[in-house]
Amino acid sequence: MSEQLLLLGEGKVLPEWIDYNQHMNVAYYVLAFDHATDALLAHLGMDAEYPTREGGSSFALEMHVTYDRELQCDEPYLIYTQLLDADSKRLHFFHQMIHATEGWLAATNEVITMHVGMAERRAAPFPPGVQQQVDQLLAAHHNLPRPDKAGRVIGIRRKSE
């Protein structure tokens with residue numbers, strides 16, 4: 001992984017995450033990605049105390065998960081994150097879950113979030129300090145190649161005859 005991507009998650013597949021197919025259940029991929037999202041928000045100045053301290057928070061608007069290769073019990077993973085786009089209220093980012101020792105792609109998670117004023121529970125601009133962090137990260141990630149799986153549309157692919 002590029003050193004410019006943020007390493008925001010690492011762990012190993014826990015026994016309670018294993019389903020009847022003997023691999024990591026889909027819900028736990030989303031849980032691991034959600035923890036990486038929390039780490040991204042904290043990196044940008046929106047930690048767990050942010051809603052109380054600043055009166056704002058971040059709500060997920062849309063997400064897309066791909067399951068590329070199964071992880072099994074006790075396998076280690078890393079989650080790298082790239083900020084793809086942002087404006088004064090929204091973040092568009094992409095997580096990649098990589099097998100920590102073998103380096104292959106296990107899953108991806110593409111997310112759009114909205115900054116929300118908690119009193120009104122409506123979209124609100126990022127405060128200046130957070131916007132500065134967002135702008136800096138966006139500039140740092142500007143020249144990174146866009147992940148192949150970003151922007152995918154769900155559907156059944158059919159071979160042409």
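The values are calculated or read from the model by the stated rules, or taken from the named source; none is laboratory data. Please read these numbers as outputs of a predicted model, since none were measured by experiment. Virtual Cβ from ideal backbone geometry, glycine too; neighbours counted across all protein chains shown. We work out accessible area using only protein heavy atoms, side chains counted, and drop any ligands, DNA or RNA first. Shrake-Rupley method; radii C 1.70, N 1.55, O 1.52, S 1.80 Å.
Some notes on this structure:
- Scanning the range 47-87 for residues that are among the aliphatic types (A, V, I, L, M), over 27 Å from residue 14 (Cβ atoms) and open to solvent by less than 70 Å² (accessible area, probe 1.4 Å) returns 83, 84, 86.
- Cβ pairs under 8 Å, 6+ apart, first in the range 132-161 and touching a residue at least 40 places away in the same chain (Cβ under 8 Å) and more than 20 Å from residue 108 (Cβ to Cβ), second open to solvent by less than 100 Å² (accessible area, probe 1.4 Å) and of a type in the set (Phe, Trp, Tyr): 134/126
- The range 120-161: number of residues that are open to solvent by 70 Å² or more (accessible area, probe 1.4 Å) and assigned to a loop (DSSP other than H, G, I, E, B): 17
- Selection status of residue 98, in contact with a His (Cβ under 7 Å, 6 or more places away or on another chain) and touching a residue at least 24 places away in the same chain (Cβ under 8 Å): no
- Selection within the range 20-34: residues that are open to solvent by less than 80 Å² (accessible area, probe 1.4 Å), over 12 Å from the mean Cα position of the chain (by Cα) and without any contact (Cβ under 8 Å) to a residue 12 or more places away in the chain. The member of this set that is farthest from residue 104 (Cα to Cα) is 27.
- Test: residue in the range 57-65 that is in contact (Cβ under 8 Å) with a residue 12 or more places away in the chain and within 19 Å of residue 99 (Cβ to Cβ): yes
- Qualifying residue in the range 2-13 (condition: open to solvent by 50 Å² or more (accessible area, probe 1.4 Å), assigned to a helix (DSSP H, G or I) and farther than 26 Å from residue 116 by Cα): no
- Unique residue being out of contact with any helix residue (DSSP H, G or I) (no Cβ under 9 Å at 6 or more places or on another chain) and on the phi > 0 side of the Ramachandran plot when the list is 151, 117: 151
- Any chance residue 37 is modelled with pLDDT of 95 or more and surrounded by 16 or more Cβ atoms within 10 Å (Cβ to Cβ): yes
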